[in-house]
Every structure is written in C-alpha cells, then in structure tokens.
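Asks: The structure that follows is given in the form of structure tokens.
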2 protein chains.
Amino acid sequence: MGIIVQKYGGSSVADETAIKRVAERVIKFHDNGYKVVVVVSAQLGITDMFLEKVFRLSSMPNERDVDMLLSSGEQIASSLLSIAVNEAGRKAVALLGYQCAIHTDNVYSKARIKKIDTDKILQHLDKGEIVIIAGFQGVNDYNEITTFGRGGSDITAVAIGAALEAEYVEICKDVDGIFTADPRVCKDAMLIERVTYDEMLEMAASGTKALNSRSVEVGMKHGLKIYVRSSFRSDDKNNLGTVISMEVNTMEEPVIRAISHSLNETKVVITQKNTFPATITDIFDIVNELNINIDIISDIALNGYTCVAFTMSKDEAYKTDELYLRLKTRLDNCDIQVEKNKCKLSVIGTGIKSTPGIASKVMKVLLDNGIDIEMISCSEIKISCIVDERYAEKGVNLLHDVFIVQKNALRG
Amino acid sequence: MGIIVQKYGGSSVADETAIKRVAERVIKFHDNGYKVVVVVSAQLGITDMFLEKVFRLSSMPNERDVDMLLSSGEQIASSLLSIAVNEAGRKAVALLGYQCAIHTDNVYSKARIKKIDTDKILQHLDKGEIVIIAGFQGVNDYNEITTFGRGGSDITAVAIGAALEAEYVEICKDVDGIFTADPRVCKDAMLIERVTYDEMLEMAASGTKALNSRSVEVGMKHGLKIYVRSSFRSDDKNNLGTVISMEVNTMEEPVIRAISHSLNETKVVITQKNTFPATITDIFDIVNELNINIDIISDIALNGYTCVAFTMSKDEAYKTDELYLRLKTRLDNCDIQVEKNKCKLSVIGTGIKSTPGIASKVMKVLLDNGIDIEMISCSEIKISCIVDERYAEKGVNLLHDVFIVQKNALRG
C-alpha cells in the first residue's frame, strides 16, 4: 500500500482527549499498512487568541511577526499529536514547515508554495514512522516563516499529497463530508458522495465551508483525489464522506450538485448621469488600491444613467468605510450607495453548461416566491444571485427543493 | 556605542501591558545609540501549561517532541515583542534559534551550544534594527529544535553576547538584582553591587535563583560582564542592579558575599556493619543508573559501622522512591534511610579561602543557636551545611546577621 495524507482541523485536535482520538485513527491506518503523513491545524481557538493579543499591541502589525506567531499554533498541535502517537507505541516525528521543507514565495500571510523537498518526509516514512506535519506554514528564500492564510493547513495537506504522489488526501473534519446545502439552514441537505474539482471550487467560492479553494486547485492540477470525512467516526463503512476528483463517473449525473450560500456580502452601487468610462477606471483604481477582491460586477446603462454595481465578501467588509470615503472624495457627481447584509445564493453543477434554461428556472423559483434578485451572475457551472439576507434561508430551501430533492426523487 | 544584549524573563513579558513596557525599555537603549539584541523567555505560565498538556498525553514523552513544543513559547513571546517594537515606530525583527543560527549538540531538553553564526544578527543590527531572539532554543545537526533546560534563555543571552563581543549582557528580572540572602526569608537582605563569576556559580548551585549557572560559566569563559537588573525600573540611576564579572576591585572586600539556601533537599544515609568498598561502588552504580546528580557526600567509619550519606536536590526528588527500591533490593545487610525536607545553608565568598576559621565560625553560630548540622561540605569559596528544613529561616538570618550585617557595620 502507498502513502496517504490525512489533515485534521482545529476542532479535531482541540484538547488532549481529541488528540488521543486522532492518534488512534492515524495509527489504525498505519497498522493497516499505509505510510501515513498527517497534517494538523492549530488547536481550536488558538489562532484567534493569538490575533487578539496582536491587536491589543498593534492595529497594523508587521506581517512577518504575525506569521511567526501564528505558525506556533500548528507547532504546538503537531508536537502534541506526535507525543500521543509515540505514547501509543508507534514511532512518530513532528516536522515544521521549514523542516519538511515547504518552500514558499515571500508574501507573508498568504504565501504560495513553490516547492516541497520530500526527502526528509520519505526518509522518516521508510523507517516506518508516522510523519506529522505542522500545517499552514512554509519557509521563504530568507529562511523566514510564511503562512498560507485561513484554511492554510488544507493547502499543506494537498500540496504534500501531490509532492509525495499519495494515493489520496483525507481532509478530516467535524462533519461527515460536503452537503448539498448547509445543513444548519436546510434540513433536507444530503451528503454529496462525489464532486468534481470545478464544482468544489465554485462551492468554496460561494460560501460552502468545506475546504480551502487553493487546496482544491492544487488537487486539480495534480489529479489527486481528496476525501472530506469525519475525524470522529472510526468505522470506515459509515464514514465514506465526499470524494473530490476530476470526473464523476455515474451514468445519470444530477444537473445540480449543491446549493451554496454566503452571508454578510456587501453591495456597492455607483450611479452617474450619462456614461462615464473614465469614472469606471477611477472606481476600479480605488478598489485596487484597497486590495479588495470584488465578486459579482454589473454595469448597466438606463434612461441616461449609468450604474456600476459590485459585491464584496464578508472578509473584505472592514474596508467598506475607507472605500466609501475614497469613492466619495474622488468621484464627481456620483451617487454612491453601500448596502450591507446581502446574501449570495448559488446553484452549482457541471450539468448547468449542458442543460438549457437553468438560469431562468432559478430566477423564476425565487421571483415566484417573493424574493427580489438584486444582481445575478452566471458561469458554465454556477448561477449566483444577490438577495437580501432575510431571504437567505428561504432561498436556499426553495432552490434545494427544486434542484436537488425533486430531481433525486425523479431519478430514484 | 557597541552592542548590548538584554534578556527579559517570563514575568517581564507576561501580558500585553508588560510587553509594551519592555518595548519601551528596549527602545530607550536603542535611541541612546546602542545596537540592541533582546532575548526573551516564554510568557509566564506558558511552559508549565504546555507541560501539563504533555503529561496528560504521556508519562514519558519523547524529548524531541517536547523540545519542539516548549520552544514555541519563546517563539510566541519574541514575535509579540517584535510587533510591539514595530508598532512604536522602530524596526524590529524576531529570530528563532535556527534562524540566528544557534547550533547545538543533539541532546534534547538540555542541549549545549556549539556555535552561533552571527552574520544574520549583525546584518539586521547594521540596518538599525532591534533584533529579538527567542531564548532557550537552538538547532542541532539534523535541523531539529533543541532546548537548553530551565533558565535556558539566560544561556542564549550570554552566549549571544559572547559571540557578538557585546559590551555587556543585562538579565532583566522582576527583582532589582542579586541579594545577600533571599529577601523573602531575610528582611535585612541587601542588594549586592558586584560579585565574581565563581561566587555567582556557587550561589546558583546553592539555591540563589538569580540566573542559570551555565550562563555564568559562559560569561566567565569569555570575560563578559553580566548585569542582573529590574526590567520594571526605567530610571537607570536607581537601577544599578548587580554586576557579575571576573574581579571585584574594591579596596576592602567583604569575606562573605551572600548566604544562599535551598529547600526540599533529600538526604540518603546507608549504614553497614564493617567496611564495604564493594557496597560503595554498588551504591554509586545505582545512583548513576538513575542519572541522579548528588550534591554533598560524606563517608564515615565509626564503631565498626560504615556510613555513606549524600544529598539530592529537589529537582531529583521524584527519583527517590525508585532509588530506595534499587538500593534495598541490591545491597545486602544495609540500613537505608531516606530523609526528605532538608535545607542546605551556604555561606559564599571569595574571602573564605584567605580567611582562616570561617568554617568553625559557621558551625559555632548554628550549633550555639540549637541548629543541628547533619552534614557539612567546604570548598575554597563556599561552606554548606545540611540542616532540618524547620531551621531554614532561622539559619539564614543568623548567618546573614553574623557574616553580612555585622561585617558591613564594622566596615561602615
């Protein structure tokens, strides 16, 4: 049997009891003959606790310092897990980013992996050891610690899996896998057995908190199978989870794979009399100055007015005041509205591109049920609508019912 | 002006308020023109918190794992201090043991420094930056993290000071310096202005908790001045502290520098009829098997009995049960007594070797005041007596009064 990579998140290693349970699960795979590489996140709450300390010291902390600080969270978790595995009588070794060695570019707080030297990992595996790697961190050309941003341990796991040509990567979570909608909002949500990389990327971008999108990109690039499973279930038969891979080979494929939603989106609408190409350039200059990732954009001319609208995810919400100020100061004769508390509802599935009429059906379902669609955006495999946040739950359930539950009933 | 090294202990960086205060103190020296290198310990309580986690997972944890875990305490403290200094508008850079680079041998938990590459530190200093080094840690030949044991950050500070040929090293503590006796036990205890390396080594070995003995050895080897000062006082005139150096050049030197005491010593007494050289070899074989550092040893033959006695410091106390068991099992016809709760009272000063009669005076003072001396040991600059722990406070005060207070009064 070959190499597998298992990643355990913060709640899976939250305390000593949880760590012992993870040690047992890891050992089970090891004893079954796999060469096991484990990637761990910081224990639940540690990263936030560190950030609180940081922001009591500085409002604009040096990112190099923050990366060094945060990376110690994964250092703590990986050494504790190694202690637990060693205690259970198997040989384990904990390795930090620079020891692995995970080489990155020089961008602190969202570094990208350039190369992984697998020699050290392979040497330990060949000695029959379980290798435990501190997630979320690498080392740049200057021997400085860099981190990968939120969800960065997923990236470590998939990148290590690709570098080692692992059989598969398991992302072990406190849920059973990826669902057709958020189970907290939609009681009919079902576990998805299989999903393509493309669909998973769209879902991650649309609010499904399953795993970091960059890790899916890395998996896709190397054709590496990624399982999302529960770290709490030990019986494999009841822990199939969701597998993310290149293709989903079933005869009759559902058109729609899942309904995602994302709350706390901000919508910015800028209106000016007459057309204004120069103004549009100015708007996006300002957006770029603030390093804002904008999401859905629309640009409409109507009755002699031109209107540019875009949305920003909740991660960017803290920049809205500054954005408004700069737009207001630098644009002439424009009406600027910033509307918070919007929801992005997304319908995702590779079947969309081959099935006509999905977009109109999505709109009809929402409008017929009294939900205003404020903006809409379509790609080959995703249709997203911006609606008011009070319609979030209703919208998810309506779309899930029409596109998932009823279709499954027909196929069943 | 040249390079200085300042070391701040756990209570000096205990929380964000303390860290800001340290940042201010460091900046003051920097702004006065010094090239400042700072070494920090883990925040107060962190190391113990880590060890609690460890011992909930394993009774005999892998030392490599423990070193990786514990070293993150200093990593956290150094990055937080760097954030605070950067926030205050000065440039700071935090460096870990492997980044410095502090090369050690391969002994986990009590590694010894082999070599420090100062290039990186000097480059940062030359750019006008304040260099903040995570104490207590180094890196071995295999790129693994090693630590130096309790008080290890003192060793980092002095070793860095020696490697950089610093003007001096400051050990910044929550007390004003080193005292002639423990101020919690002896209300007349006075701050010592100057002390030699030799005296400091004897004091550290005798219970004075001022700084790690190995750091004093390193300082002595390189003739590097070490100041022990308060990190809480900012006015230099009232913060002279204690300086440890090769010689103390004052015309009239006190014979005795300080009275140290150490509690929780264990005394082991083994008695056998007739002489027993073979038994003595067996005793010390068993002591060595358990890697016990024994302190005072005596060996007396009396009335046809031979008696071997030795003491163990409180750090070794957890080994006493196992020691008793092995002695009992493997020695024939011996009476073995293990007595806990002993106190070692020590009188320390370079004047001892040149002043006859100090030992007899020490004994007389104690015996005249009803304190039984159970064992005694003399060196050129130290006289230590083992007494029952209930006499600790009384003994310290008696000796302090006779050898420090009365002598000072005469000289004054």
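Asks: In this structure, is A:R56 of a type in the set (D, E, K, R), within 12 Å of chain B (Cβ to nearest Cβ) and assigned to a loop (DSSP other than H, G, I, E, B)? It would help to see each step written out before you state the result.
Replies: On the way: of a type in the set (D, E, K, R): yes; within 12 Å of chain B (Cβ to nearest Cβ): yes; assigned to a loop (DSSP other than H, G, I, E, B): no.
So A:R56 does not fit the description; no.
Asks: Is at least one residue of region A:157-174 acidic (D, E), in contact (Cβ under 8 Å) with a residue 60 or more places away in the chain, within 14 Å of chain B (Cβ to nearest Cβ) and on the phi < 0 side of the Ramachandran plot?
Replies: no
Asks: Is it the case, given these coordinates, that B:S71 is within 7 Å of chain A (Cβ to nearest Cβ), in a helix (DSSP H, G or I) and in contact with a Ser or Thr (Cβ under 9 Å, 6 or more places away or on another chain)?
Replies: Values: within 7 Å of chain A (Cβ to nearest Cβ): no; in a helix (DSSP H, G or I): yes; in contact with a Ser or Thr (Cβ under 9 Å, 6 or more places away or on another chain): yes.
Taking the combined requirement at face value, the residue does not satisfy it.
Asks: Here is a follow-up. Report, ordered by the first and then the second residue, all pairs with beta carbons closer than 6 Å, sequence separation of six or more or different chains, a first member in region B:291-313 that is over 16 Å from B:G207 (Cβ atoms), and a second member that is part of a loop (DSSP other than H, G, I, E, B).
Replies: Listed pairs, sorted by first residue: B:T306/B:T275; B:T306/B:F276.
Asks: Using the structure shown, decide if A:A157 is surrounded by 22 or more Cβ atoms within 10 Å (Cβ to Cβ), assigned to a loop (DSSP other than H, G, I, E, B) and in the same structural domain as A:E170 (by TED's automatic domain parsing).
Replies: Considered against the rule, which asks whether it is surrounded by 22 or more Cβ atoms within 10 Å (Cβ to Cβ), assigned to a loop (DSSP other than H, G, I, E, B) and in the same structural domain as A:E170 (by TED's automatic domain parsing), A:A157 comes out as no.
Asks: From the set of residues in region A:90-119 that are more than 21 Å from A:I4 (Cβ to Cβ) and among the hydroxyl-bearing types (S, T, Y), which is nearest to the other protein chains (Cβ to nearest Cβ)?
Replies: Step by step, filter region A:90-119, then rank; the result is A:Y98.
Asks: Sticking with this one: Could you check region A:362-377 and list, in sequence order, the residues that are surrounded by 15 or more Cβ atoms within 10 Å (Cβ to Cβ) and of a type outside the set (G, A, S)? Reasoning before the result, please.
Replies: Residues of region A:362-377 surrounded by 15 or more Cβ atoms within 10 Å (Cβ to Cβ): A:362-363, A:365-366, A:371, A:373-377.
Result: A:V362, A:M363, A:V365, A:L366, A:I371, A:I373, A:E374, A:M375, A:I376.
Asks: To continue, here is another question. Quick one: how many residues across region B:74-89 are touching a residue at least 40 places away in the same chain (Cβ under 8 Å) and either more than 7 Å from every other protein chain (Cβ to nearest Cβ) or aromatic (F, W, Y) (or both)?
Replies: Counting residues in region B:74-89 that are touching a residue at least 40 places away in the same chain (Cβ under 8 Å) and either more than 7 Å from every other protein chain (Cβ to nearest Cβ) or aromatic (F, W, Y) (or both) gives 6.
Asks: Suppose we filter A:I76, A:I116, A:I83, A:I102 for residues that are modelled with pLDDT of 95 or more, β-branched (V, I, T) and surrounded by fewer than 24 Cβ atoms within 10 Å (Cβ to Cβ); which single one remains? Quick ask: steps written out before the conclusion?
Replies: Details: A:I76 fails: surrounded by fewer than 24 Cβ atoms within 10 Å (Cβ to Cβ); A:I83 fails: surrounded by fewer than 24 Cβ atoms within 10 Å (Cβ to Cβ); A:I102 fails: surrounded by fewer than 24 Cβ atoms within 10 Å (Cβ to Cβ).
Exactly one residue qualifies, and that residue is A:I116.
Asks: Related question: Any chance region A:168-191 includes a residue that's in contact with a strand residue (DSSP E or B) (Cβ under 9 Å, 6 or more places away or on another chain), more than 16 Å from A:G9 (Cβ to Cβ), surrounded by fewer than 24 Cβ atoms within 10 Å (Cβ to Cβ) and in the same structural domain as A:G45 (by TED's automatic domain parsing)?
Replies: Yes, because at least one residue in region A:168-191 is in contact with a strand residue (DSSP E or B) (Cβ under 9 Å, 6 or more places away or on another chain), more than 16 Å from A:G9 (Cβ to Cβ), surrounded by fewer than 24 Cβ atoms within 10 Å (Cβ to Cβ) and in the same structural domain as A:G45 (by TED's automatic domain parsing).
Asks: Now, a different point. Can you tell me which condition A:L96 does not meet? The list is (1) closer than 27 Å to A:H30 by Cα; (2) surrounded by fewer than 24 Cβ atoms within 10 Å (Cβ to Cβ); (3) modelled with pLDDT of 95 or more, and all the others hold.
Replies: Unmet for A:L96, out of (1) closer than 27 Å to A:H30 by Cα; (2) surrounded by fewer than 24 Cβ atoms within 10 Å (Cβ to Cβ); (3) modelled with pLDDT of 95 or more: (2).
Asks: Is there a residue in region A:120-129 that is closer than 16 Å to A:I3 by Cβ, among the basic types (K, R) and part of a helix (DSSP H, G or I)?
Replies: Within region A:120-129, one or more residues are closer than 16 Å to A:I3 by Cβ, among the basic types (K, R) and part of a helix (DSSP H, G or I).
Asks: Select from region B:277-329 the residues that are under 26 Å from the mean Cα position of the chain (by Cα) and of a type in the set (V, I, T) and write down the one among them that is nearest to B:K267 (Cα to Cα).
Replies: The selected residue is B:T311.
Asks: Let me ask something else. Looking at B:L44, B:L57, B:L70, which one is aliphatic (A, V, I, L, M), in contact with a Phe, Trp or Tyr (Cβ under 8 Å, 6 or more places away or on another chain) and assigned by TED's automatic domain parsing to the domain that holds B:A163?
Replies: Unique residue meeting the criteria: B:L70.
Asks: Since A:N143 meets every condition but one in (1) in a helix (DSSP H, G or I); (2) touching a helix residue (DSSP H, G or I) at 6+ places or on another chain (Cβ under 9 Å); (3) polar (S, T, N, Q), which condition does it not meet?
Replies: (1)
Asks: Could you check A:T279 against (1) touching a Cys at 6+ places or on another chain (Cβ under 9 Å); (2) assigned to a strand (DSSP E or B) and say which number it fails?
Replies: (2)
Asks: A further question on this structure: Restricted to region A:1-33, and to residues that are away from chain B (no Cβ under 14 Å) and hydroxyl-bearing (S, T, Y), which residue is surrounded by the most Cβ atoms within 10 Å (Cβ to Cβ)?
Replies: Applying the filter and picking the extreme gives A:Y8.
Asks: Checking the condition of a type outside the set (A, V, I, L, M), over 22 Å from the mean Cα position of the chain (by Cα) and farther than 22 Å from A:E144 by Cα, which residue from B:F29, B:F50 passes?
Replies: None of the others qualify; the one that does is B:F29.
Asks: A follow-up question, please. Select from region A:34-53 the residues that are among the basic types (K, R) and within 14 Å of chain B (Cβ to nearest Cβ) and list them in ascending order.
Replies: The answer is A:K53, and nothing else.
Asks: If you check B:R194, B:R257, which single one turns out to be in contact with a strand residue (DSSP E or B) (Cβ under 7 Å, 6 or more places away or on another chain), surrounded by fewer than 20 Cβ atoms within 10 Å (Cβ to Cβ) and within 26 Å of B:E380 (Cα to Cα)? Spell out the reasoning first.
Replies: On the way: B:R257 fails: surrounded by fewer than 20 Cβ atoms within 10 Å (Cβ to Cβ).
That would be B:R194, the only listed residue that is in contact with a strand residue (DSSP E or B) (Cβ under 7 Å, 6 or more places away or on another chain), surrounded by fewer than 20 Cβ atoms within 10 Å (Cβ to Cβ) and within 26 Å of B:E380 (Cα to Cα).
The values are calculated or read from the model by the stated rules, or taken from the named source; none is laboratory data. The structure displayed is predicted, hence computed values, not measured ones. Using ideal geometry, Cβ is built from the backbone for each residue, glycine included, and neighbour counts are taken over all protein chains shown.
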